[in-house]
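*Asks:* There's a structure below that I have some questions on.
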Amino acid sequence: MTIDKTAATGAVSKLAASPADAVADIPDGASLAVGGFGLAGIPGFLIDALLEQGAKNLTIVSNNCGVDGAGLGLLLEARRIDKVIASYIGENKEFGRQFLAGEVTVELTPQGTLAERMRAGGSGIGAFFTPTGVGTLVEEGGLPWRYNPDGSVAEASPPKEVRTFNGVDMVLEEAIVTDYALIRAAVVDTAGNCRFHAAARNFNPPAAMSGRITIVEAERVVEVGELGPDEIHLPGIFVKRIVELTPEQAARKGIEKRTVRERPVAAH
């Protein structure tokens with residue numbers, strides 16, 4: 001990655017020259033936390049750059065794996081992903097096909113638990129107890145993680161420790177720390193402080209916290225001080241690299257499913 005010095009302060013700039021430059025050092029076998037929900041708030045240009053870069057055998061931690069032909073679905077279709085830790089398969093038919101065919105390992109995790117596992121990883125918390133999943137296969141083990149080609153289960157989830165707190169049974173969930181994180185933010189200052197817009201604030205902050213090296217694609221980059229303290233959703237200490245999108249790139253936002261209806265006729 002190209003690193004410049006800021007003339008006035010001598011500080012190292014976090015700005016990368018391009019998405020390709022920002023992901024150039026991601027190796028085969030790396031683990032990545034990826035922000036977004038479906039296609040909302042995904043770091044699409046960083047994903048495209050990683051696809052072009054060629055890293056393979058990746059472990060992806062994300063709410064889901066994009067959709068067919070977009071987002072993380074592109075890496076999946078190119079057979080670059082070996083394992084996914086996600087909360088659901090969604091409407092990605094290729095994701096479901098690869099899972100059932102034994103071509104990819106899928107660790108399904110309750111959605112809130114997944115977000116907290118990433119946040120905990122970034123907070124230095126090794127594990128936590130939660131009531132989510134008590135009395136199910138999440139607690140008892142046996143959730144298929146990988147199938148054999150003949151449809152039999154090759155690998156299943158292990159049982160989890162259960163303890164009772166204030167009369168409530170809870171299961172132990174381990175935190176997630178990844179090698180890298182790819183996220184998208186609406187506004188980022190040059191120190192890496194991030195502001196997210198609407199639904200993009202769901203999984204992007206915990207994904208950013210989970211990564212040892214977090215890369216953000218920013219719809220707009222501003223100078224330090226232009227974001228007020230209450231506008232900052234993610235402190236810049238979690239961000240190592242910033243990619244500034246062009247206005248045309250920033251305007252490119254996919255919609256997973258568009259539902260419309262006719263406008264009612266106004267009464268006269």
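The values are calculated or read from the model by the stated rules, or taken from the named source; none is laboratory data. All figures in this text were calculated on a predicted structure; none of them were measured in a lab. Because the Cβ atoms are built from the backbone with ideal geometry, glycine has one as well, and the counts that use them run over all protein chains shown. With ligands, DNA and RNA removed, areas are computed over all heavy atoms of the protein, side chains included. Shrake-Rupley method; radii C 1.70, N 1.55, O 1.52, S 1.80 Å.
*Asks:* Of all the residues that make up region 132-153, how many are aliphatic (A, V, I, L, M), in a strand (DSSP E or B) and open to solvent by less than 60 Å² (accessible area, probe 1.4 Å)?
*Replies:* Keep residues of region 132-153 that are aliphatic (A, V, I, L, M), which gives 134, 137-138, 143, 153.
From what is left, the residues that are in a strand (DSSP E or B) are 153.
Subsequent filtering for residues that are open to solvent by less than 60 Å² (accessible area, probe 1.4 Å) retains none.
Of the residues in region 132-153, 0 are aliphatic (A, V, I, L, M), in a strand (DSSP E or B) and open to solvent by less than 60 Å² (accessible area, probe 1.4 Å).
*Asks:* Further, regarding this structure: With ALA16, ALA8 as the choices, which residue is open to solvent by 10 Å² or more (accessible area, probe 1.4 Å) and either more than 28 Å from ALA120 (Cα to Cα) or modelled with pLDDT under 95 (or both)? Can you show your working first?
*Replies:* Working: ALA16 fails: either more than 28 Å from ALA120 (Cα to Cα) or modelled with pLDDT under 95 (or both).
Exactly one of ALA16, ALA8 is open to solvent by 10 Å² or more (accessible area, probe 1.4 Å) and either more than 28 Å from ALA120 (Cα to Cα) or modelled with pLDDT under 95 (or both), namely ALA8.
*Asks:* In addition: Which one is most open to solvent (accessible area, probe 1.4 Å), of the residues in region 154-166 that are assigned to a strand (DSSP E or B) and among the charged types (D, E, K, R)?
*Replies:* Of region 154-166, the ones assigned to a strand (DSSP E or B) are 154-156, 162-165.
From what is left, the residues that are among the charged types (D, E, K, R) are 155, 163.
Numbers: GLU155: 77, ARG163: 120 Å².
Selected residue: ARG163.
*Asks:* Could you count how many residues in region 167-196 are in contact (Cβ under 8 Å) with a residue 12 or more places away in the chain and either of a type in the set (A, V, I, L, M, F, W, C) or part of a loop (DSSP other than H, G, I, E, B) (or both)?
*Replies:* Taking region 167-196 as the starting set, the residues that turn out to be in contact (Cβ under 8 Å) with a residue 12 or more places away in the chain are 168-196.
This time we only want the ones that are either of a type in the set (A, V, I, L, M, F, W, C) or part of a loop (DSSP other than H, G, I, E, B) (or both), so: 168, 170-172, 175-177, 181-183, 185-188, 190-194, 196.
Residues flagged as in contact (Cβ under 8 Å) with a residue 12 or more places away in the chain and either of a type in the set (A, V, I, L, M, F, W, C) or part of a loop (DSSP other than H, G, I, E, B) (or both) within region 167-196 amount to 20.
*Asks:* Take ASP169 and tell me if it is surrounded by 13 or more Cβ atoms within 10 Å (Cβ to Cβ), under 23 Å from the mean Cα position of the chain (by Cα) and among the acidic types (Asp, Glu).
*Replies:* Values: surrounded by 13 or more Cβ atoms within 10 Å (Cβ to Cβ): yes; under 23 Å from the mean Cα position of the chain (by Cα): no; among the acidic types (Asp, Glu): yes.
Considered against the rule, which asks whether it is surrounded by 13 or more Cβ atoms within 10 Å (Cβ to Cβ), under 23 Å from the mean Cα position of the chain (by Cα) and among the acidic types (Asp, Glu), ASP169 comes out as no.
*Asks:* While we're looking at this one, here's another question. Looking at region 55-64, is at least one residue in contact with a Cys (Cβ under 9 Å, 6 or more places away or on another chain), without any contact (Cβ under 8 Å) to a residue 60 or more places away in the chain and surrounded by fewer than 21 Cβ atoms within 10 Å (Cβ to Cβ)? Please lay out each step first, then the result.
*Replies:* Taking region 55-64 and keeping what is in contact with a Cys (Cβ under 9 Å, 6 or more places away or on another chain), we get none.
No; the residues of region 55-64 include none that is in contact with a Cys (Cβ under 9 Å, 6 or more places away or on another chain), without any contact (Cβ under 8 Å) to a residue 60 or more places away in the chain and surrounded by fewer than 21 Cβ atoms within 10 Å (Cβ to Cβ).
*Asks:* Let me confirm something: among PHE129, PHE99, which residue is of a type in the set (Phe, Trp, Tyr), open to solvent by less than 50 Å² (accessible area, probe 1.4 Å) and at pLDDT 95 or above? I'd like the intermediate steps shown before the answer.
*Replies:* Details: PHE129 fails: open to solvent by less than 50 Å² (accessible area, probe 1.4 Å).
Answer to the check: PHE99.
*Asks:* Name the residue, out of GLU91, GLU52, GLU116, that is touching a strand residue (DSSP E or B) at 6+ places or on another chain (Cβ under 7 Å), farther than 22 Å from SER157 by Cα and not in a strand (DSSP E or B).
*Replies:* Details: GLU52 fails: touching a strand residue (DSSP E or B) at 6+ places or on another chain (Cβ under 7 Å); GLU116 fails: farther than 22 Å from SER157 by Cα.
Matching residue, one of GLU91, GLU52, GLU116: GLU91.
*Asks:* Related question: Which one is nearest to the chain's Cα centre (by Cα), of the residues in region 172-193 that are surrounded by fewer than 18 Cβ atoms within 10 Å (Cβ to Cβ) and of a type in the set (D, E, K, R)?
*Replies:* ASP179
*Asks:* Turning to a different aspect of this structure: If we keep just the residues of region 210-268 that are without any contact (Cβ under 8 Å) to a residue 12 or more places away in the chain and either of a type in the set (A, V, I, L, M, F, W, C) or surrounded by 14 or more Cβ atoms within 10 Å (Cβ to Cβ) (or both), which is nearest to VAL177 (Cα to Cα)?
*Replies:* ALA251
*Asks:* If PHE203 passes every condition in (1) within 20 Å of LYS14 (Cβ to Cβ); (2) touching a helix residue (DSSP H, G or I) at 6+ places or on another chain (Cβ under 8 Å); (3) among the hydrophobic types (A, V, I, L, M, F, W, C) but one, which one does it miss?
*Replies:* All conditions are met except number (1).
*Asks:* Give the residue that is nearest to the chain's Cα centre (by Cα), with candidates limited to residues of region 19-40 that are at pLDDT below 95 and open to solvent by 20 Å² or more (accessible area, probe 1.4 Å). Break it down into steps so the answer makes sense when it comes.
*Replies:* Applying the first criterion (at pLDDT below 95) to region 19-40 yields 36-40.
Now narrow it down to the ones that are open to solvent by 20 Å² or more (accessible area, probe 1.4 Å): 37, 39-40.
Details: PHE37: 8, LEU39: 11, ALA40: 11 Å.
Among them, the one singled out is PHE37.
*Asks:* Mind telling me which of the residues LEU50, LEU108 ends up being open to solvent by 40 Å² or more (accessible area, probe 1.4 Å) and not small (Gly, Ala, Ser)? Reasoning before the result, please.
*Replies:* Values: LEU50 fails: open to solvent by 40 Å² or more (accessible area, probe 1.4 Å).
Of LEU50, LEU108, the one residue that is open to solvent by 40 Å² or more (accessible area, probe 1.4 Å) and not small (Gly, Ala, Ser) is LEU108.
*Asks:* Now for a different question. Limited to region 70-88, what total is found for residues that are in a loop (DSSP other than H, G, I, E, B) and under 19 Å from ALA30 (Cβ atoms)? Full working, then the answer.
*Replies:* Our first condition is that a residue be in a loop (DSSP other than H, G, I, E, B); within region 70-88, this holds for 71, 78-80, 87-88.
Among the residues that remain, those that are also under 19 Å from ALA30 (Cβ atoms) are: 71, 78-80.
The total comes to 4.
*Asks:* Separate question: Could you go through region 242-261 and let me know if any residue there is in contact with a helix residue (DSSP H, G or I) (Cβ under 7 Å, 6 or more places away or on another chain) and of a type in the set (Ser, Thr, Tyr).
*Replies:* no
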